[in-house]
1. D for the stretch 52-117, whole µm²/s, Stokes-Einstein with Kirkwood Rh over alpha-carbon pairs at 25 °C and 0.890 mPa s: what number?
2. Roughly how many nanometres apart are two label points built 7 Å out from the Cα toward the Cβ at Met104 and Arg89?
3. For Tyr56 and Leu34, what does the FRET efficiency come to when R0 = 35 Å and r is the distance between their Cβ atoms, rounded to the nearest 0.05?
4. Can you compute the modelled spin-label distance between Leu75 and Met49, with each label point 7 Å from Cα toward Cβ, in nm?
Amino acid sequence: MSNIGTAAGRFIHTNFLARQHIRSTTASARKISLWIVCMGLLLMLCFFMFLWVRLYILEIGYQISSAHAVHEQMLQENRQLKIERASLRDPSRIEEIAKKDLGMVIPDNNQMVVLQW
């Protein structure tokens, strides 16, 4: 009788294992795991691309700010140079330099020659 009990136990055990679909659940579990990993990688890729774009925008903002500061500085320097040019081109200043430094004098009427064209 012990042979019959063990044979029946083996048959039930073997029959139970025969009905299980171990391979298909493992394959679907692998598909799900692969899908989850791919989605995770895609999500990480999207996050790093978003981060890269944000850093690029930040860098461009700093460059624009720097360019604006340089522009303002150049405008101020241009204003100062225009004022300096106007003061250097002043006829009274030029006349004073000609008289004092170069020893020039205003010519008399008999020293002037008028040319006819």
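Rule-based calculations on the coordinates, nothing more; no lab input. The shown structure was predicted, so the numbers you read here are calculated from the model rather than taken from an experiment. Note that each Cβ is placed from the backbone with ideal geometry, even for glycine, and that neighbours are counted across all protein chains shown.
1. Values: Rh = 17.1 Å.
Value of D from the Cα-based Kirkwood radius: 143 µm²/s.
2. A separation of 1.7 nm, rounded to one decimal place.
3. Details: r = 32 Å, r/R0 = 0.93.
With a Förster radius of 35 Å, E is 0.60.
4. Going from the Leu75 label point to the Met49 one covers 3.9 nm.
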